[in-house]
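Rule-based calculations on the coordinates, nothing more; no lab input. Just so it is clear, the model here is predicted, and its values are computed rather than measured. FYI the Cβ positions are ideal-geometry reconstructions off the backbone, even for glycines, and counts take in every protein chain you see.
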Amino acid sequence: MAEQIDDYFTSVVSELVPGERRPGRRPDDPIQLPSPLSVQGALDLFDAQVGSRHLDLAARWLRSRGKGFYTIGSSGHEGNAAVAAALRPTDPALLHYRSGGFFLARAQQVDGSDPVRDVLLGLVAATEEPISGGRHKVFGRHDLNIIPQTSTIASHLPRAVGVAFSIARSEKLHVDSAWPADAVAVCSFGDASANHSTAVGAINTAVHAAYQALPLPLLLVCEDNGIGISTKTPKGWIAANFGDRAGLEYFEADGSDLPAAYATAKHAADWVRRHRKPAFLHLRTVRLMGHAGSDVESAYRTSAEIVADFDRDPLLCTAKLLVAGGHLTPQEVLDRYENTRAEVLELAEQVSGLPQLDSPAAVMKPLTDSTEEAAAAAPERVDPARRAQVIGSPLPEQEGRLTLGLAINRALLDVLARYPEALVFGEDVARKGGVYGVTRGLMKKAGSARVFDTLLDEQAILGLALGAGVSGLLPIPEIQYLAYLHNAADQIRGEGATLQFFSDRQYRNPMVVRVAGYGYQKGFGGHFHNDNAVAALRDLPGIVVASPARPDDAAAMMLTCAAAARTAGALCVYLEPIALYHTRDLYEDGDEQWLSPYPDPARLPSNHVPIGSARTYGEGTDLTIVTFGNGVRMSLRVARRLEEAHIAVRVVDMRWLAPLPVRDVLREAKATGRVLVVDETRRSGGVSEGVVAALVDEGFSGSVARVTSDDSFIPLGDAALEVLLSEDTIEAAAIKLVGR
């Protein structure tokens, strides 16, 4: 079906009066003073704009034939091509989904790509598509420094802040970065998305950094078309909200006026590059052809409103400029337009029959490859002198037996000593050393550039980590409590976990997210300090979830996570049981059997704890208890009591909640024929469901039972013990299972 804007463009251009062709003009002359945009630059950008428009039309043509799968277009936003031209191709870009003009204009700056074909390959989900391999339609290419985004709600903005932060921080640390030291990070988004908490939080973080004089070269580009799907943005809202904000330099341009848009974008980019501070470019645009191909725009806009926007079409405005200046005749414009249409449609026809992903293995390859590479990762032996230089004396392995909290502290120090690009950050982690003292002393030994406090915003903390990881650093962010993670889970779910999948592993965001969690804090703090909800993590493909209980495991697993992040680009979540941080005793007061020595690096790899490997205590033949976290200590205590009742138990600490150590659990289950899964999380959506299902899937034919905490939030005070799993519950279930 013909699009009104397509017909309108050709009819208006055909009636334009040709401008005078002045002799002696050169391609590098200004297209229009005082803009620095040259005649040749304007012609090139017009080609990018026209190419983007015909990609939108081709997307709908392909969809109408059942061969295309994506119709959200860039029509009306083609002025963003000027933003690309105002930047360098080495400036990292995180783009809005209406950035077709930017993508094509960036590709003009770098040899070796065919951006029109790239986009078409994405539209038809072809495996040849160079960034995602047919997994999603995204604007991204590694050689163009365009990091692919699938965001529709500005959830990429926190990462963009992290990228900008990392440009300067890498230079300060003298470590390699993915971007030049004078690069500018650019991030585009829509006016409706500017109201989302991720955008508001990210912009606040950028301004917060600028207020403290921290270098943050970030250009925020709000492409304001005045409408979010069907909901209008109040007129003047973007300017009123961002136009006079302290610490955020504001620029405004009409995206339909190519010379002005280029001049303003160049001014903004140059300002950010020079001052190393964030700036906000308000690019006024227009949305043409609706939100997407499936959007019936007439359901919420009148015909008069729709047609009134046609004269603001960036293509039409650029065509008028070129014709009026005598640079192209109306017929030359139409020839350019129609030739591009023919080329795009011919390419669309060619790619529409290309192979698509055709098996689970093909679809999941980035995930499985990442998981396998992470599972094979192991910390290497490191130069003792380098460790000693950062850690000092005594070294952790010389300190004797440590608590869990101290073991994590020493492991973090070890990671900082091993990897110059490693950073530890979060709220309260630096000067205070964390709520529980786990990071105490790290800043003093590694320096404030590597161990630092952040503002109180979990989205900002994880976004900073995402940006740092994709920029070549090794971030270790801390989320103070597991309950707080849920404020920002989409930074892991929608951004972090998907990046390798949607970039075919060309981009990675390695990190180790430390989260203090679980219950048993003797009633302190209630739900927000005793959260045991891990289901939101366990169902994410490709991420690693570590859950150490013993001090020696905690240290070894931290080193494993750091190695997996560094070598495989793994996103690891490291869950720390708060109640065990400072525990010293296991069976009796004063026995100090919960303490452990720090794993000696000289013994690597023999003391390495691989991802997905469990640890077994005892060789009992009557019952296998499978557990993790606080459940390990409770189960070991119960196992001793059961021994007195002549029930021989082996306790399996899974240590890893994703991927589950299925092979080890199955082996220990078969050794006794009876399995009791001890799960301190909730009965519904907890860990035990996955363990029991795995045993069934693997054909285990013995007896299985599980005990869990109740499906309840954790209340304040002693009432917490009414809903949390107890040793008495474990013991009763064990006796019942053995007695079957």
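Side notes on the structure shown:
- Cα lying deepest toward the dipole's positive end in the chain, options SER726, PHE425, VAL696, charges on Cβ: PHE425
- A cut-off of 5 Å between modelled amide H atoms, ignoring neighbours fewer than 5 places along the same chain, links LEU725 with SER709, ASP710.
- Amide H partners (placed H, <5 Å) of GLY426, local residues excluded: PHE452, THR454, GLU478
- D by Stokes-Einstein for region 529-606, Kirkwood Rh over Cα pairs, 37 °C, 0.692 mPa s: 228 µm²/s.
- Normalised by residue count, the chain yields a Cα convex hull volume of 169 Å³ per residue.
- Note on region 33-352: with charges restricted to the Cβ of Lys and Arg (+1) and Asp and Glu (-1), its dipole about the Cα centre is near 840 debye.
- Each Cα pair under 8 Å and six or more residues apart adds its separation to the average, and for the chain the resulting relative contact order is 12 percent.
- Residue exposure sequence - TYR250, TYR97, TYR211, TYR507 - by fewest surrounding Cβ within 10 Å: TYR211, TYR250, TYR507, TYR97
- Alpha-carbon geometry of region 219-301: the Rg and the Dmax are 14.7, 47 Å, given in that order.
- Ordering 707-720, 406-419 by mean Cβ neighbour count within 10 Å, with the highest value first, yields 406-419, 707-720.
- Isolated cysteines of the chain, defined as having no other cysteine beta carbon under 4.7 Å away, are CYS187, CYS222, CYS317.
- 3J(HN,Hα) along region 129-139: 4, x, 10, 9, x, x, 8, 6, 8, 9, 8 Hz, from the Karplus curve 6.51 cos²θ - 1.76 cosθ + 1.60 with θ = phi - 60°, whole Hz, x for Gly and Pro.
- 3J(HN,Hα) from dihedral phi, region 701-717, Karplus parametrisation 6.51/-1.76/1.60, rounded to Hz, x for glycine, proline: 10, x, 8, 9, 9, 9, 10, 9, 6, 7, 6, 8, 6, 8, x, 7, x
- Amide H within-cut-off set for LEU216, under 5 Å, with H built and near neighbours excluded: LYS277
- Computed P(r) (all Cα pairs; region 320-428; 10 Å bins; percent): 10, 19, 16, 11, 11, 15, 13, 5, 0
- Label-point separation in nm, LYS67 to GLU643, each point 7 Å along Cα→Cβ: 7.2
- Loop trypsin sites (Lys or Arg not before Pro), region 325-403 (other Cβ atoms within 10 Å of the site Cβ: 15 or fewer; DSSP): ARG381
- Sorting 572-579, 215-222, 77-84, 289-296 by average packing, meaning the other beta carbons within 10 Å per residue, from highest down gives 77-84, 215-222, 572-579, 289-296.
- Cα-Cα P(r), region 615-738, percent of pairs per 5 Å interval: 2, 12, 24, 25, 20, 11, 5, 1, 0
- The alpha carbon centroids of region 137-202 and region 333-395 are separated by 17 Å.
- Measuring between their Cα centroids, region 83-125 and region 420-482 lie 33 Å from each other.
- Within the chain, helices built from complete DSSP H runs that reach 27 Å or longer along their own axis (Cα positions) and carry a mean Kyte-Doolittle hydropathy of -0.5 or higher are 39-64.
- The trypsin sites (Lys or Arg not before Pro) of region 21-119 meeting both criteria, a DSSP state outside H, G, I, E and B (loop) and at most 15 other C-beta atoms within 10 angstrom of the site's C-beta, are ARG21, ARG25, ARG65.
- Among the trypsin sites (Lys or Arg not before Pro) within region 496-545, those in coil by DSSP and having at most 12 neighbouring Cβ atoms inside 10 Å are LYS522.
- A straight line joining the Cα centroids of region 18-48 and region 658-686 runs 70 Å.
- For region 615-738: relative contact order, % (alpha-carbon pairs under 8 angstrom, 6 or more apart): 27
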